[in-house]
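One structure is given below, encoded as structure tokens.
The values are calculated or read from the model by the stated rules, or taken from the named source; none is laboratory data. The model shown is predicted, which means the values in this text are computed figures rather than measured ones. Ideal geometry is used to build each Cβ from the backbone, glycine not excepted, and the neighbour counts take in all protein chains shown. For the accessible areas, the whole protein counts, side chains as well, though only heavy atoms, and no ligand, DNA or RNA atoms are used. Shrake-Rupley method; radii C 1.70, N 1.55, O 1.52, S 1.80 Å.
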Amino acid sequence: MKTMMTHLTFIVVSYALSISRPPFDVANSPITRSDLIRKAISLATCIQLFDARPAYSSNLPPGTGADLTKTGTVEKLIPIVKLEDSLLKVRSLLNSEIESSATFSLSVLDRVSSILNDIPTNEKAFKRLFDEYSDPVSYKQKYMDQNAFLVYYTKGFDGPNRPSIESGEVTRQTLQYGVRNECWNAFEELEAEIKFGIKNGSAESKDILSPLNKVISSVDAYLSLSPTNIVEQAKSLL
């Protein structure tokens, strides 16, 4: 926090000094395009520092109403493991059906829909399952998001002889957030194909299996970000 405040003070003082200098002597020191650009950026930066509104280039995940009091626990991982278990049951069912037909009948699609019935079909509710287990957003990420303009134009300056605030490895929270989105995108596609198939009385096997495999792969990727013992404990409690 101290270095961040030092950084903000540095920017404000820099601008104050720049505007307090004597005016240019047009004959001897003409104003250049670079001078104007630097002053425009400096002014815009100062305005943002005192503007209470959040930066426009927000990168943080929007809130889903998740309960963040038990993140990283077996209890909160169980719903995700249960979700994967339902998807694997569907794949097992469909693999047995595809041996006799290249299409899935209405009765098969109804059974698939029934197995997936407990999985939220609303985006916010679906993502909430993951957010309640995932690592919460760090203070550093919140700062960078709220000061996106400043971080961008200063290239993450965090004080003399200090690494850029943007440096370092990608956080697990960022990875979890990305994979969570992939899970939702694939599941949304799967749901749409199932509903379309039910409406039409049947569905091509590839139209169902393709998004299904995408969801399963994405959930596997998400679980791979968690400690193996936590995942195993969650699976043992199903």
> Looking at (1) part of a helix (DSSP H, G or I); (2) farther than 20 Å from GLU132 by Cα, which is the only condition PHE187 fails?
Replying inline: (2)
> Going through the range 102-132 one residue at a time, which ones are of a type in the set (Gly, Ala, Ser), over 19 Å from TYR177 (Cα atoms) and exposed (fewer than 14 other Cβ atoms within 10 Å of the Cβ)?
Replying inline: ALA102, SER107, SER114
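Just the residues that are part of a helix (DSSP H, G or I), among the hydrophobic types (A, V, I, L, M, F, W, C) and open to solvent by 50 Å² or more (accessible area, probe 1.4 Å), please, taken from the range 68-88. Before the answer, list the steps.
Of all residues in the range 68-88, those part of a helix (DSSP H, G or I) come to 74-88.
Within this subset, residues satisfying the condition of being among the hydrophobic types (A, V, I, L, M, F, W, C) are 74, 77-78, 80-81, 83, 87-88.
The one that is part of a helix (DSSP H, G or I), among the hydrophobic types (A, V, I, L, M, F, W, C) and open to solvent by 50 Å² or more (accessible area, probe 1.4 Å): LEU88.
Just name the residue that is farthest from GLU99 (Cα to Cα) out of those in the range 183-202 that are open to solvent by 10 Å² or more (accessible area, probe 1.4 Å), of a type in the set (Gly, Ala, Ser) and in contact with a helix residue (DSSP H, G or I) (Cβ under 7 Å, 6 or more places away or on another chain). Before you say what the answer is, go through the steps one by one.
Our first condition is that a residue be open to solvent by 10 Å² or more (accessible area, probe 1.4 Å); within the range 183-202, this holds for 184-185, 188-189, 191-193, 195-196, 198-202.
So of that shortlist, the ones also of a type in the set (Gly, Ala, Ser) come out as 192, 201-202.
From what is left, the residues that are in contact with a helix residue (DSSP H, G or I) (Cβ under 7 Å, 6 or more places away or on another chain) are 201-202.
On the way: GLY201: 19, SER202: 16 Å.
Per the stated criteria, the residue is GLY201.
Return the residues of the range 206-229 that are part of a helix (DSSP H, G or I) and surrounded by fewer than 17 Cβ atoms within 10 Å (Cβ to Cβ); say none if nothing qualifies.
Initially, the range 206-229 is screened for residues part of a helix (DSSP H, G or I), giving 206-223, 228-229.
Within the range 206-229, LYS206, SER210, ASN213, SER217, ASP220, ALA221, THR228, ASN229 qualify.
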> Since VAL170 meets every condition but one in (1) modelled with pLDDT of 95 or more; (2) assigned to a loop (DSSP other than H, G, I, E, B); (3) among the aliphatic types (A, V, I, L, M), which condition does it not meet?
Replying inline: (1)
>> Show the residue pairs meeting these rules: Cβ distance below 7 Å; 6+ apart or different chains; first residue within the range 157-182 and closer than 13 Å to SER134 by Cα; second residue among the hydrophobic types (A, V, I, L, M, F, W, C) and at pLDDT below 90.
In response: GLN173/VAL137
> What number of residues within the range 89-114 satisfy the criterion of being within 20 Å of ASN200 (Cβ to Cβ) and part of a helix (DSSP H, G or I)?
Replying inline: 14
>> Can you report the number of residues in the range 89-101 which are modelled with pLDDT under 95 and surrounded by 14 or more Cβ atoms within 10 Å (Cβ to Cβ)?
In response: 2
